[in-house]
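Below you'll find the structure, written out as structure tokens, and then a few comments.
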Amino acid sequence: QSSTNPYDMSALNREQLIRILRSKFFGLPYDELVRAEEVEAARVPYINFVGDTDLIYAHYTWDDTIANHEVCVVGWDDTFPAGNFREGHEPPADGAWLVKNSWGTDWGQDGYFWISYYDKTLVIPQTFVYETDGLTENMDHYSILEYDLMPAEMVSSTLFDAPVYAANIFTAEEDCVVQYISVMTGDLDTEVTASVYLLGDTAADPTDGELTETVTGSFPYAGYHRMTLNEKLVLKQGDRFSVCILERVPLQSAAKFALVNTSSLGKKGMEARNELHPDEPLQRYAVGIVNPGESFVRFSGQAWTDWSEVVRRIAEQGDNACMAYDNLPVKVHTYPLGEVRDAHAFDAGISVAGGTVEICPDCGFILKAPGD
């Protein structure tokens, strides 16, 4: 570069020219480009930028530090070169995940980047399998009734010798059909029994009503699992109902019963952690909102207890005050009643104990409408 023309590149060597072509700051004079890269490297030390034309964002955290962001893995490449990562800090082998970030398409490779298989902040993975079927995919909308709205950063599965039940009470937001329920497990090979109750306005607990159906399932891995009701329950707007869960974990010694709940770092926990690590302060924490009348738990030989009271007691014990606790992880999937009827050609209702059953002769879809 000449002193009079900062864009004169005649004095630059081959390596400097290649650096300009590969830089995300292409277009700046060389000296400014170098300073910009140094500032960027200090701000995001674990990201390297490579590529002759299309810039590749290659991220590898080689330090033992904490995770501070959540992203979505959408693909992988076992041959992604270790040499694409920052010089002097390459991972031990090839391979990287293709990740979709949440900062928009103006960042990274149209919103995506690569992260090494060996990144030291890859923790708390969660996987999702999305399924649609011809019965519901063309509907205008569906609803997921739930109370566990915090990030599931910590999943606790406490095992008991005797049965322990978890339940959520919901209110129908519209005339709808309950088609699926979802429940979280925290152990391998968990056997789940889920019962649905229709409750009256004065119901005292989650089972103080009409048992409409019980379904069972066995799940080899921990996580959220969707269970299908055989007889899809019809609800009117404002109807109260509950889903009660029993989780049985078969062990070599004897079967245990699991109570699953989730928690995250609360405000007190963030403040305590930042006092110990002032150089890497956290700036986020979770707030658990557990209202009375939403989640309930019943231990063997005892009455149902409101989960909000249990959470209050837990938070009073030792370091538990550093955590924020969520409602119990039980969800319900509902679909608009009118659209379900439009999607099927139901036969005339058959009277059964407690209500009426309608069956679609084309696909066997069953509606169960409780009696008044």
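The values are calculated or read from the model by the stated rules, or taken from the named source; none is laboratory data. From a predicted model like this one, the values you see are computed outputs, not experimental measurements. Cβ sites come from the backbone with ideal geometry, for glycine too, and all protein chains shown count toward neighbours. The area values use the complete protein model at the heavy-atom level, side chains included, leaving out ligands, DNA and RNA. Shrake-Rupley method; radii C 1.70, N 1.55, O 1.52, S 1.80 Å.
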* Structure fact -> With R₀ set to 51 angstrom, the calculated FRET efficiency between the beta-carbons of Ala348 and Ala93, to the nearest 0.05, is 0.20
* To do: Could you state how much accessible area Leu21 has, in square angstrom rounded to the nearest 10, with a 1.4 Å probe and all protein chains kept in place?
  => 100 Å²
* Might you work out the accessible area of Ser253 for me, using a 1.4 Å probe with all protein chains in place, and round it to the nearest 10 Å²? => 100 Å²
* Rank Gly318, Gly186, Gly338 by mean-square fluctuation in a GNM of the chain with C-alpha springs under 10 angstrom and give only the top-ranked residue. => Gly318
* **Out-of-range pairs (alpha-carbon distance over 22 Å; input Lys100/Lys267; Lys331/Lys368; Lys256/Lys368; Lys236/Lys331; Lys232/Lys331)** => Lys100/Lys267; Lys256/Lys368
* To do: Give me the number: length gained by fully extending Ser253 to Asp110, i.e. 0.36 nm times residue separation minus the C-alpha to C-alpha distance, one decimal in nm.
  => 46.2 nm
* For Cα extents along the principal axes in Å, calculated from these coordinates, the label among (i) 60, 45, 37; (ii) 92, 55, 40; (iii) 77, 55, 40 -> (ii)
* Asked: Counting only heavy atoms of protein chains, what accessible area per residue, in Å², does the chain have with a probe of 1.4 Å?
  -> 56 Å²
* Accessible area of the chain belonging to carbon and sulfur atoms, whole % at 1.4 Å probe -> 50 percent
* Gaussian network model of the chain, springs between alpha carbon atoms under 10 Å - residue of Phe296, Phe26, Phe85 with greatest fluctuation -> Phe26
